[in-house]
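What follows is a single structure, written as structure tokens, with notes after it.
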Amino acid sequence: MRIILSTGALPRLEDPGDFKRFAVALETRLTADLKAAVAPVADLDVDGAHIWVRPDAIRALSPLAGQAEWEAGFSEMMRFAAKHGWIDDQGRIRAHIETFEGQPAVDADVFRRAMRRFASGVCLVAAGEDEERRGLTVSAFSSVSADPPMVLVCINRSTSAHRKLTGSSYFSVNILGAGQQEIAMLFAGQRGLQGAARFDETWNSHRLGAPVLASALYSIVCASEANHVAGSHTIMIGRVVDATTNRHDGGPALINYDGAMGHSIRAA
């Protein structure tokens with residue numbers, strides 16, 4: 001297994017079931033400040049070529065942690081490391097640092113032009129109650145899992161609503177229909193209103209506290225499951241606990257394409 005540390009991304013664990021090798025792979029551009037680069041998972045050794053990795057960091061990164069087979073393999077790896085003197089008095093594991101060249105990113109303008117050609121639905125993400133309500137227009141929304149039902153939504157960390165949305169126990173994702181361009185623009189910050197002032201009588205409060213838009217095609221209420229920092233955004237993972245609609249006739253959805261809003265064609 002290897003812990004991968006790269007620019008603009010959270011640490012990740014590669015090959016979590018491989019207990020015969022252990023290292024930390026560091027993107028070359030991060031080597032200018034090794035101590036800061038490895039701080040999320042380890043402490044730098046005095047020789048500068050090794051680090052002391054915290055076992056709790058490995059468990060936090062492993063999707064297999066808690067499973068009996070993985071725990072047995074991890075315990076055996078720890079015993080092997082201790083036998084060879086690679087465990088210190090704090091229980092940390094000594095690991096070799098490997099480096100790799102990160103792939104250069106595509107030009108930002110080229111990326112934006114490409115993404116403008118991807119037609120996507122338009123949603124309002126909202127959280128909080130009363131004067132603490134905050135909301136934001138987003139297109140970066142997707143299902144993650146059907147069992148259990150989970151979704152993700154990406155929130156720009158520079159937005160004023162970011163802290164409230166990512167810090168709430170429950171949030172809603174309200175899927176907009178055709179003709180709801182104005183409310184989409186309002187929550188995109190194009191109408192001068194901020195914070196709770198964006199919410200009017202068309203919003204209700206769900207029993208779990210998340211605001212839901214009564215006129216949305218569907219309102220999905222989520223319990224916050226995890227937040228992951230990725231580049232300029234936070235990826236919010238939500239476990240869906242309720243899904244409601246007041247528009248039983250359905251109708252076309254509001255979509256965003258090439259910088260303009262339109263509507264979908266409803267299937268016959």
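Looking at the stretch 258-267, can you tell me whether even one residue there is closer than 19 Å to Ser139 by Cβ, without any contact (Cβ under 8 Å) to a residue 60 or more places away in the chain and loosely packed, with under 13 Cβ neighbours inside 10 Å? Yes, because at least one residue in the stretch 258-267 is closer than 19 Å to Ser139 by Cβ, without any contact (Cβ under 8 Å) to a residue 60 or more places away in the chain and loosely packed, with under 13 Cβ neighbours inside 10 Å.
Just a yes or no: is a residue in the stretch 199-209 under 30 Å from Phe111 (Cβ atoms), touching a residue at least 12 places away in the same chain (Cβ under 8 Å) and of a type in the set (Val, Ile, Thr)? No: the stretch 199-209 contains no residue that is under 30 Å from Phe111 (Cβ atoms), touching a residue at least 12 places away in the same chain (Cβ under 8 Å) and of a type in the set (Val, Ile, Thr). Identify the residue in the stretch 91-106 that is in a loop (DSSP other than H, G, I, E, B) and over 21 Å from the mean Cα position of the chain (by Cα) and, among all such residues, is surrounded by the most Cβ atoms within 10 Å (Cβ to Cβ). Selected residue: Arg92. Say whether the condition of being part of a loop (DSSP other than H, G, I, E, B) and either in contact with a Gly (Cβ under 7 Å, 6 or more places away or on another chain) or surrounded by fewer than 17 Cβ atoms within 10 Å (Cβ to Cβ) (or both) is met by at least one residue in the stretch 180-187. Looking through the stretch 180-187, none of the residues is part of a loop (DSSP other than H, G, I, E, B) and either in contact with a Gly (Cβ under 7 Å, 6 or more places away or on another chain) or surrounded by fewer than 17 Cβ atoms within 10 Å (Cβ to Cβ) (or both). In the set Asp130, Asp47, Asp109, Asp88, only one residue is under 28 Å from Leu13 (Cα atoms), of a type outside the set (Gly, Ala, Ser) and loosely packed, with under 12 Cβ neighbours inside 10 Å; that residue is Asp47. Within the option set Thr202, Thr166, Thr159, Thr234, being in the same structural domain as Glu131 (by TED's automatic domain parsing) and touching a helix residue (DSSP H, G or I) at 6+ places or on another chain (Cβ under 6 Å) holds for one residue only, Thr234. When residues in the stretch 15-44 are screened for being under 21 Å from Arg79 (Cα atoms), touching a strand residue (DSSP E or B) at 6+ places or on another chain (Cβ under 8 Å) and exposed (fewer than 14 other Cβ atoms within 10 Å of the Cβ), 2 of them pass.
Residue count for the stretch 7-20 satisfying the condition of being at pLDDT below 90 and not aliphatic (A, V, I, L, M): 2. The number of residues in the stretch 28-52 that are in a strand (DSSP E or B), modelled with pLDDT of 90 or more, out of contact with any helix residue (DSSP H, G or I) (no Cβ under 6 Å at 6 or more places or on another chain) and not small (Gly, Ala, Ser) comes to 2.
Return the only residue of Pro40, Pro16, Pro104 being closer than 30 Å to Asn256 by Cα and free of Cβ contacts under 8 Å to residues at least 60 places away in the same chain. That would be Pro104, the only listed residue that is closer than 30 Å to Asn256 by Cα and free of Cβ contacts under 8 Å to residues at least 60 places away in the same chain.
All of (1) outside any helix (DSSP H, G or I); (2) in contact with a strand residue (DSSP E or B) (Cβ under 8 Å, 6 or more places away or on another chain) hold for Met78 with one exception: (1).
Rundown of residues vs (1) without any contact (Cβ under 8 Å) to a residue 60 or more places away in the chain; (2) assigned by TED's automatic domain parsing to the domain that holds Ala184, yes/no style:
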residue: Gln90; (1), (2): yes, no
residue: Ala95; (1), (2): no, no
residue: Arg113; (1), (2): yes, yes
residue: Ala119; (1), (2): no, yes
residue: Cys123; (1), (2): yes, yes
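Number of residues in the stretch 4-13 that are in contact (Cβ under 8 Å) with a residue 40 or more places away in the chain and β-branched (Val, Ile, Thr) equals 1.
The values are calculated or read from the model by the stated rules, or taken from the named source; none is laboratory data. Everything numeric here is computed off the predicted structure, so don't read it as measured data. Heads up, the Cβs are rebuilt from the backbone with ideal geometry, glycines too, and the neighbour counts pull from every protein chain shown.
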